[in-house]
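The values are calculated or read from the model by the stated rules, or taken from the named source; none is laboratory data. What you see is a predicted model; the values in this text were computed from it and never measured. When we count neighbours, we look across all protein chains shown, and the Cβ atoms used for this are built from the backbone with ideal geometry, even at glycine.
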Amino acid sequence: MQLPSQFQPFGQPTLIVVTDSQHAKLFLAFEQNVNVAGIVDVAADDVAPGREVMKSGKDHHVTGDHLYPALNKELMQRLHKQEFEKLAFTVPEDLENELKESLHIDLLKRADVFVPKNLMHHDLIDIVAEVQENM
């Protein structure tokens, strides 16, 4: 998606990670473009074509305890592939510390923004606006 001109361009490849307690959506932002980069979903029973899903088994009452280690692993793999330079997270306020504690130090060093809001069901343009407002 091309960002409207009123948005600041992303000077470095930035992975925007939108989380709740069971899912994480990954968006890669660079210059005026933002594109879907993947999904980490520990609540899924089935793997949808084209989706990267990490399952936690049959437990449907999943918490961030399962999601954040899976997310950390996914982000570390992407970091080693040099897919991004910076990270920005949106996370429900009550899960922010849990997320930070689960992230590898190399990821924390690249994390410029933690927006303490659950934006999982918001439009991408709203997510980008929140991230840029907190940068």
Exercise for review: List every residue pair whose Cβ atoms sit under 6 Å apart, with the two residues 6 or more apart in sequence or on different chains, where the first one lies in segment 74-99 and is closer than 23 Å to residue 118 by Cα and the second, anywhere, is among the polar types (S, T, N, Q) and surrounded by fewer than 21 Cβ atoms within 10 Å (Cβ to Cβ).
Suggested key: 86/12; 92/118
Check your understanding: Do we have any residue at all in segment 100-118 that's crowded, with 18+ Cβ neighbours inside 10 Å, in contact (Cβ under 8 Å) with a residue 40 or more places away in the chain and more than 20 Å from residue 9 (Cβ to Cβ)?
Key -> no
Point to revise | Qualifying residues in segment 2-36 (those that are small (Gly, Ala, Ser) and surrounded by 14 or more Cβ atoms within 10 Å (Cβ to Cβ)) - the one farthest from residue 79 (Cα to Cα) | key: 21
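So which residues in segment 80-98 are within 13 Å of the chain's Cα centre (by Cα) and either closer than 14 Å to residue 16 by Cα or among the small types (Gly, Ala, Ser) (or both)? If you could, list the steps in order and put the result at the bottom.
Taking segment 80-98 and keeping what is within 13 Å of the chain's Cα centre (by Cα), we get 84, 86-92, 96.
Of everything in segment 80-98, those that are within 13 Å of the chain's Cα centre (by Cα) and either closer than 14 Å to residue 16 by Cα or among the small types (Gly, Ala, Ser) (or both) turn out to be 84, 86, 87, 88, 89, 90, 91.
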Check your understanding: Inside segment 20-46, can you point out the residues that are assigned to a strand (DSSP E or B), in contact (Cβ under 8 Å) with a residue 40 or more places away in the chain and over 18 Å from residue 84 (Cα atoms)?
Key -> 23
Practice item. Please work out which one of (1) modelled with pLDDT of 95 or more; (2) not in a helix (DSSP H, G or I) is the condition residue 78 fails and give its number. Key: (2)
Exercise for review: Mind listing just one residue for me: the one in segment 111-135 that is charged (D, E, K, R) and over 13 Å from the mean Cα position of the chain (by Cα) and, of those, farthest from residue 19 (Cα to Cα)?
Suggested key: 133
